[in-house]
Amino acid sequence: MRGSTIFPAPLRWAPALGLMLLVGCSTQAPQPGFEQRPASVKQELVLLIPASAGDREGWATDITAAFSAQNLPATRENLCSVLAVTEQESTYSGDPVVPNLSGIAREEIERRAAALHVPGFLVQAGLDLESPTGETYNERLNALTTEWEMSEIFEDFIDMAPLGRQLFGSLNPVETGGPMQVSVDFAEEHADDYPYPIDGSIRHEVFTRRGGLYFGIAHLLGYPANYDEPIYRFADFNAGWYASRNAAFQAAVTQLSGIPLALDGDLIIPGSRQAGQTELAVRTLKNRLGMDDGEIRDALEEEDSLEFERTALYEKVYALAEQQEGQPIPYARLPGIKLESPKITRNLTTAWFAKRVDDRWQQCMRR
């Protein structure tokens, strides 16, 4: 999961299901008479954004435009959700400063060089080359403070220096950025309806306030889910779409099978036909479910969509678990994922992230 990582593990990104809303009871449409005029939305945002943010008008304009372009209901709940994530991820900075970013960048270069058996003196020689800005790469690394700067250095290094292409190919290792710390891969996959002129590339847009907010809002609100509390959507923002729902399904499978599962929301191994922990545990129930391995696999492959809840597997697992427990089984639970990133120095989890954002959301709702 990502959790504001610079070099995150691959995520599960579902196809766009339509940018529908959802926070709170996430299948509700706006109430009759709900005010959607952009001017009114912007006015409310100016009041909701903390005065300490600076340029509240600019932030409100970019958020309003993103809601309008994506046809999302600008309810108080949704607006506060966006503000809470933005405050948690960047404290309202379009390009937030990251402590010790120069050291993090150098460690990544050294890690890749060691993996490819590139001698250290060659790495240093490459970094001493003059970059397109007139400074050496070493000089730019020494002054590094933000992920945008870091992304630009790696882009130049890959394009201009033979060593950069050897170490990184065409892959820029800076994979998240902007005020909501959204994935560049996610932005590139959801860029078809981006409403602004693109400055060079979608990667560049992610590091702007308008682009980072547009794609961050799409990631947070742009998929339907039946959560009754926004905290689960905050967890999904960190762990991937439907991670909270899938973690609850894994818990139900554990109750039925007695096999402990990591409640991480991953029902299959991404990009592999090999059965993972969850799939193997579900297979032990196939006689009770009246399903074969192929039917189980087909259902689990819907892990990134709302359709999973309409599969026979999902319905039967919940029916059996509720029968066994004698009470309803939770639809969602916070995934048990430890956040991994060079930027994170404490023992943090997706649940910690979701709870911090939820605290901010509640403060916003009271403003």
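The values are calculated or read from the model by the stated rules, or taken from the named source; none is laboratory data. Worth saying up front: this structure is predicted, and the values here are computed from it rather than measured. Don't worry about glycine lacking a Cβ; one is built from the backbone with ideal geometry, like all the others, and counts go over all protein chains shown.
Details
- Residue in segment 245-276 that is modelled with the lowest pLDDT, counting only those that are farther than 26 Å from N226 by Cα and of a type in the set (S, T, N, Q): S272
- Single unsatisfied condition, S305 versus (1) in contact with a Gly (Cβ under 8 Å, 6 or more places away or on another chain); (2) of a type outside the set (F, W, Y); (3) in contact (Cβ under 8 Å) with a residue 40 or more places away in the chain: (1)
- The one condition in (1) under 30 Å from E147 (Cα atoms); (2) of a type in the set (V, I, T); (3) modelled with pLDDT of 95 or more that T284 fails to fulfil: (1)
- Odd one out for D266, checked against (1) charged (D, E, K, R); (2) surrounded by 15 or more Cβ atoms within 10 Å (Cβ to Cβ); (3) not in a loop (DSSP other than H, G, I, E, B): (3)
- Which numbered condition W241 misses (of (1) more than 16 Å from the chain's Cα centre (by Cα); (2) crowded, with 22+ Cβ neighbours inside 10 Å; (3) not in a helix (DSSP H, G or I)): (1)
- Hits in segment 96-106 - residues which are assigned to a helix (DSSP H, G or I) and either surrounded by 13 or more Cβ atoms within 10 Å (Cβ to Cβ) or at pLDDT below 80 (or both): L101, S102, I104, A105, R106
- Identity of the residue in segment 193-215, among the aromatic types (F, W, Y) and buried (at least 21 other Cβ atoms within 10 Å of the Cβ), that ends up nearest to the chain's Cα centre (by Cα): F215
- Cβ separations smaller than 7 Å between residues 6+ apart or across chains give the following pairs from segment 331-358 residues that are not assigned by TED's automatic domain parsing to the domain that holds Y314 and at pLDDT 90 or above to residues that are β-branched (V, I, T) and part of a loop (DSSP other than H, G, I, E, B): T349/I337; T350/I337.
- Extreme residue, surrounded by the fewest Cβ atoms within 10 Å (Cβ to Cβ), among residues of segment 216-234 that are more than 9 Å from the chain's Cα centre (by Cα), over 11 Å from S81 (Cβ atoms) and not aromatic (F, W, Y): D228
- If you go through segment 272-294 and pick out every residue that is of a type outside the set (A, V, I, L, M, F, W, C), touching a helix residue (DSSP H, G or I) at 6+ places or on another chain (Cβ under 7 Å) and in a helix (DSSP H, G or I), you end up with 6.
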